[in-house]
1. Which part of region 5-35 falls in the paramagnetic zone of residue 113, meaning amide N under 15 Å from the point 7 Å along Cα-to-beta-carbon?
2. Given a Förster radius of 22 Å and the C-beta distance between residue 196 and residue 76 as r, what FRET efficiency does 1/(1 + (r/R0)^6) yield to the nearest 0.05?
3. Using per-residue counts of other Cβ atoms within 10 Å, averaged over each peptide, order 60-69, 86-95, 124-133 from highest down.
4. Given R₀ = 30 Å, FRET efficiency for residue 64-residue 187 by Cβ-Cβ distance, to 0.05?
5. Describe numerically, in nm with one decimal, the distance between label points set 7 Å from Cα along Cα→Cβ at residue 98 and at residue 33.
6. If each of residue 91 and residue 46 carries a label point 7 Å out from its Cα toward its Cβ, how far apart are those two points in nm?
7. Could you work out the relative contact order of region 2-138? I mean the mean sequence separation of Cα pairs under 8 Å and 6+ apart, divided by the number of residues, in percent.
8. Specify whether the C-alpha gyration tensor of region 2-138 places it in the rounded, prolate or oblate class, a ≥ b ≥ c being the square roots of the eigenvalues: rounded for a/c under 1.5, otherwise prolate if a/b is larger than b/c and oblate if not.
C-alpha cells in the first residue's frame, strides 16, 4: 500500500477520475453553443475530441514544463466548469419573477467551489505526475529503446564545504547537499520530486 501511494499511481487515478467529468462538462457546453452543421454522431464526435484535447492539454503542458500554459488552461477549464454548473442559474433562473434568491446563491457557491477545486486537481495531479516523469532516469536497452532504471542515491554524501561524510536519511542528506551547493528550494523540489513541506522540514532540521 505504501508503494502504491508513493509510486505516483494514486495521482494518476485521481487525475483520470477528475478529468473524465471535466471532459463531459466541456463536451456538454460545446454541444450547447456549437453552430457546426452535420448529423448528430458527427457533432458528438466533434464535441468529444474537442473536450478531450482541451482538458488533456493541461497534462501535456505539465509534462513539457510549460507551466504558464498549464495554469492558463487550468483556469479556462475552471471557468468552463463554472459555466456548466452556474450559467443557467446566473443568466436565467436568477432573473425569474419567482426566483428563490437564497437557494440560488447556495447553488452558485457550491458550483463555484466544485469547478475551482476540479480545475486545481487536474492541474496539480498533472504536475505531480510530470515531476516523476521528468525525474525518472532511463537507459538504452538491447533493442535501442529507453528503459527506466532504478534511481540510486549514495548512502554517504560528501558536503561541498568539506568535513566528514554525512550518513543518515538519504533524502534529507541529498537536500542538504543541494542546499550546500546553493540551490534554491524550488530547484531542489524539481530535482528530488519531494514536496515543498518535506524540503522545508529537512531544511529546518539541518539548521538546528
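Only the coordinates and a few stated rules stand behind these numbers; no lab work does. Owing to the predicted nature of the structure, the values given are computational and were not obtained by experimental measurement. All Cβ positions, even for glycine, are placed from backbone atoms using ideal geometry, and neighbour counts span all protein chains on display.
1. Taking a point 7 Å out along Cα→Cβ of residue 113, no residue of region 5-35 has its backbone N under 15 Å.
2. Working: r = 25 Å, r/R0 = 1.16.
Efficiency computed from Cβ-Cβ geometry: 0.30.
3. Numbers: 60-69: 15.5, 86-95: 13.9, 124-133: 19.0.
Listed from highest to lowest mean packing, they are 124-133, 60-69, 86-95.
4. 0.95
5. For residue 98 paired with residue 33, the spin-label model returns 3.1 nm.
6. Reported label-point gap for residue 91 and residue 46 is 1.9 nm.
7. On the way: 129 pairs, mean separation 47.4, N = 137.
After rounding, I find 35 percent.
8. Numbers: a/c = 2.67, a/b = 1.58, b/c = 1.68.
Note, shape of region 2-138 comes out oblate.
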